[in-house]
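Structure, as structure tokens:
Read the figures in this text as sums done on the coordinates, not as results from a lab. On a predicted model such as this, the values are computed, not experimentally measured, just so you know. Because the Cβ atoms are built from the backbone with ideal geometry, glycine has one as well, and the counts that use them run over all protein chains shown.
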Protein chains: 2
Amino acid sequence: MADSLKNFRSICKKIIAVGRNYSEHASELGNTVPTKPIIFMKPTTAFVTEPNDIRIPADWDELHHEVEFGVIIDKQCQNVSKEEAEASIGGYCLALDMTERNLQNELKDQGLPWLLSKGFDTSCPCGDFIPKEKISLSSSVNLWLNVNGNRKQSGHTRDMIFSVPDLIAYISKYITLEHGDLILTGTPAGVGPVRRGDLIEAGMEGEHDLKYLMKFNVA
Amino acid sequence: MADSLKNFRSICKKIIAVGRNYSEHASELGNTVPTKPIIFMKPTTAFVTEPNDIRIPADWDELHHEVEFGVIIDKQCQNVSKEEAEASIGGYCLALDMTERNLQNELKDQGLPWLLSKGFDTSCPCGDFIPKEKISLSSSVNLWLNVNGNRKQSGHTRDMIFSVPDLIAYISKYITLEHGDLILTGTPAGVGPVRRGDLIEAGMEGEHDLKYLMKFNVA
Ligand SMILES: [Mg+2]
Ligand SMILES: [Mg+2]
Ligand SMILES: [Mg+2]
């Protein structure tokens, strides 16, 4: 079954992303640490893969990088417990939750939905499918991101406020998760702007020689 | 091509909904009239069709009905002009944008995304595909909704702040619209709560004997 997830991006019907899931990142944007997961969506038209570019919409000037650990659903699930949650996972990926921060701040100030600031075309640069067997949820994965060779973000999935099983249990209480769906689990501290012409490199490393790297140019 | 849209709900990859697109509805919730479309997403797992029920999640007690005119995309489009927009349409449908108002108000007050209040399972009761030829965009469609036989909402699509071509042009500037995607164009005034056991009837009428009716029980 997990084999059909190799092309999860074309099967995927929804990308559910989690905000403020690392305390240091919540603080750096002046936000409090949430008591429940903060969830929003990105459309699947947001996917972009190497060697294509991240395209900044005209007139936007504060596009931020957010490197995130992605969880890909295999078995459809609805209202599963934390204990059952892991069985619904098919695999993982590395992804970026590109965010137009000025626009997001305006939307937040006005109590408006975040979609435009988070869901534009190429706002979800995404890596390849990594089968579930390659990463143990009980281990910690190091996520990092460089802009033009300078380290900007580095964090460990063990520092998530809500763990992967917490997130699947919470989301599936309200929203059925389906084969191919992607959950972006939040970004560690260090988010910041990118400009046209910048090179973003992002990677993750962990147990059993896990080493994944991806590169995107900003256009 | 439009023929394959009969089952648009299973092809659909995204539901993009528009907030405050009728001035009287914006006013009834104490909001100002927007100068740009307000957009958010509902996942496709939100679809529910007759004879299934709208299910209110446990502990929620202020679920509101919003009757809306739906536009179904046929031809993929990106950054189209208002003039080109109509050519991308495959058809229309009647739909409800069910909203947990207390939760939405909390999320708005905190500057948080609306997804949970708008995207839970069964939050998008949806009717059948109506081919584009059946409804002229230059005419006006009357939308209405009854709860337990009492008229709660009634409005005309001519009163939309942003027209269907306006919305397609605006959204497609940022987010590529694909075959089967659904745009919910906002609700007229009269939104209000439903309780478990209520019967919702919604309909639309227009030129050329257009008459569509759908019924949902709230469970
Ligand atoms: Mg993020
Ligand atoms: Mg949203
Ligand atoms: Mg609505």
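Between B:Tyr22 and B:Ile161, B:Thr187, the built amide H atoms are under 5 Å apart, and every one of these is 5 or more places off in sequence or on another chain. Listed cross-link partners B:Lys13/B:Lys108; A:Lys13/B:Lys75; A:Lys118/B:Lys42 are compared with a 20 Å cut-off, the Cα-Cα value being larger for B:Lys13/B:Lys108. Amide H neighbours of B:Asp198 under 5 Å, counting only residues 5+ apart in sequence or on other chains, H built in-plane at 1.01 Å? HN-HN under 5 Å from B:Asp198: B:Val218. Measuring between their Cα centroids, region B:95-112 and region A:104-131 lie 19 Å from each other.
If you take all other residues with their beta carbon under 15 Å from the beta carbon of B:Met98, and give Lys and Arg +1 and Asp and Glu -1, the sum is -3.
Dipole magnitude for the protein assembly as shown: computed about the Cα centre from +1 point charges on Lys and Arg Cβ and -1 point charges on Asp and Glu Cβ, it is near 40 debye. The 3J(HN,Hα) values that the Karplus relation (6.51, -1.76, 1.60; θ = phi - 60°) gives for region A:29-34 are, in residue order, 9, x, 9, 7, 6, x Hz. Gly and Pro appear as x. For every other residue with a beta carbon closer than 13 angstrom to the beta carbon of B:Pro34, add +1 if it is Lys or Arg and -1 if Asp or Glu, then tell me the sum. Computed value for this residue: 0.
Sorted from closest to farthest, the other copies place their A:Glu207 label points 6.6 nm away, with each point set 7 Å from Cα along Cα→Cβ. Could you state the number of Å between the C-alpha centres of region B:1-74 and region B:157-219? For region B:157-219 versus region B:1-74, the Cα centre distance is 6 Å. A:Arg158 label point (Cα plus 7 Å toward Cβ) to equivalent points in the other copies: 6.7 nm, shortest first. I'd like the orientation of helix B:164-174 relative to chain B: the angle between its Cα long axis and the longest Cα principal axis, in ° from 0 to 90, rounded to 10. Approximately 90 degrees, to the nearest ten. In chain B, the beta carbon lying closest to the axis that superposes B onto A belongs to the residue given here with its whole-angstrom distance, B:Met41, 2. Entry for region A:116-167 at q = 0.20, 0.27 Å⁻¹: log10 I(q)/I(0) = -1.07, -1.13, Debye formula applied to identical alpha-carbon scatterers, no solvent contribution. Backbone amide hydrogens, once placed in the peptide plane, bring B:Ile38 within less than 5 Å of B:Gly19, excluding anything fewer than 5 places away on its chain. The string of couplings for region A:17-27 from the Karplus curve (6.51, -1.76, 1.60, θ = phi - 60°) is 10, 10, x, 6, 9, 10, 4, 5, 6, 4, 5 Hz, one whole number per residue in order, with x for Gly and Pro. Candidate cross-link partners of B:Lys215 among the aspartates and glutamates, defined by an alpha-carbon separation under 18 Å and a same-chain spacing of 8 or more, comprise B:Glu50, B:Asp53, B:Glu66, B:Glu68, B:Asp97, B:Asp121, B:Asp128, B:Asp198, B:Glu201, B:Glu205.
Remark: label point of B:Thr35 defined 7 Å out from Cα along the Cα-Cβ vector; separations to the same position in other copies 3.7 nm, ascending. Only DSSP H runs of four or more residues enter the estimate; each adds -39500 (n - 2.57), and after division by the residues of chain A the mean residue ellipticity at 222 nm equals -4500 deg cm²/dmol. Phi angles across region B:91-101 convert, under the Karplus curve 6.51 cos²θ - 1.76 cosθ + 1.60 with θ = phi - 60°, into 3J(HN,Hα) values of x, 9, 7, 9, 8, 10, 9, 5, 9, 7, 5 Hz, Gly and Pro given as x.
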